Amino acid sequence: MNDADTLAGLLDRAAITRVVNDWGPFRDTGRWDRLHAYFTADATMHTTWFVGAAEEFVIRSIAAAARGARAQHFIGASTITLSGDRAVAETRMILMVRAHVGDVPVDVTCYGQFHDRFLRMPDGWRIRIRVPIYEKDRLDPLEPGRAVLLDDAKLASFAEGYRYLAYVPSLGGAVLSPDVPVPAMPGAAFVMIETELVLGGLETFLDTPACAPDPDQRLDGCSPRAPGGEVGKFSIDKAASDQ
């Protein structure tokens, strides 16, 4: 019998699935302390707008929510690969964002998957690295038939998998992460094949994240730690005071 099919393996899968499923509601409803608790202390997070320490991702998410940012995550089925105290979860997801293009309210919907590397900690399974792969997206005006004026050249500068998801925040001056994985690009293929490498023992090399796209998001030495090389206990008060 495969280890993943034993009772212990089934319990591990259930625990990892719970983290994956809880992540979306915790992120979308502002349960920041519980969201933060699902990451390891040295965890890293990748999105279209941020690459860096998970703690900093939570802090910036708090600030975005305070400014009125509205996003929802639909979490689908997961495929989980177990190897001792390490695991990889590949999960279908839909990201839904409400925003404006000029004076036109729009919904942006992006389909893809989360690729999570998990580590078993004393308090349970925790995400060490999360990398999304954006597969396709669309933009729709809330009022059917209303014209949305888009800058075709600017729109074309973003990869097809997350073109509208990147376009909308760029209108407000957001600095976007380069080389976000999408299908048919080398980055996405590497994310997929590294599952076997990580679980096969090459995690020391592969756990080093890419450098952040700008100095404000940079990690010291591109190591998986918070800015300044320190990992501290997360605090909502700290997040508020930093804004």
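Every number here is computed from the coordinates shown, using simple stated rules; none is lab data. All of these numbers come straight from a predicted model, not from anything done at the bench. All Cβ positions, even for glycine, are placed from backbone atoms using ideal geometry, and neighbour counts span all protein chains on display.
A compact table of results
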{"item": "Relative contact order [Cα under 8 Å, 6+ residues apart], segment 1-148, whole percent", "result": "21 percent"}
{"item": "Spin-label model distance (nm) - D103 vs T29, 7 Å beyond Cα toward Cβ", "result": "3.7 nm"}
{"item": "Neighbour net charge for V148 - beta-carbon separation under 13 angstrom, K R +1, D E -1", "result": "-4"}
{"item": "Protection-proxy order for peptides 160-169, 90-99, 142-151, each taking the mean of Cβ atoms within 10 Å per residue, highest first", "result": "160-169, 90-99, 142-151"}
{"item": "Approximate spin-label separation A66-D123, in nm, with each point projected 7 Å along Cα-to-Cβ", "result": "2.3 nm"}
{"item": "Segment 32-80: C-alpha gyration tensor shape, a/c 1.5 cut-off, then a/b vs b/c", "result": "oblate"}
{"item": "Order by protection proxy (mean Cβ within 10 Å, highest first), peptides 134-140, 101-107", "result": "134-140, 101-107"}
{"item": "Local net charge near V20, Cβ-Cβ under 13 Å (Lys/Arg +1, Asp/Glu -1)", "result": "+3"}
{"item": "Nearest-0.05 FRET efficiency for A14 and E143, computed from C-beta distance (R0 51 Å)", "result": "0.70"}
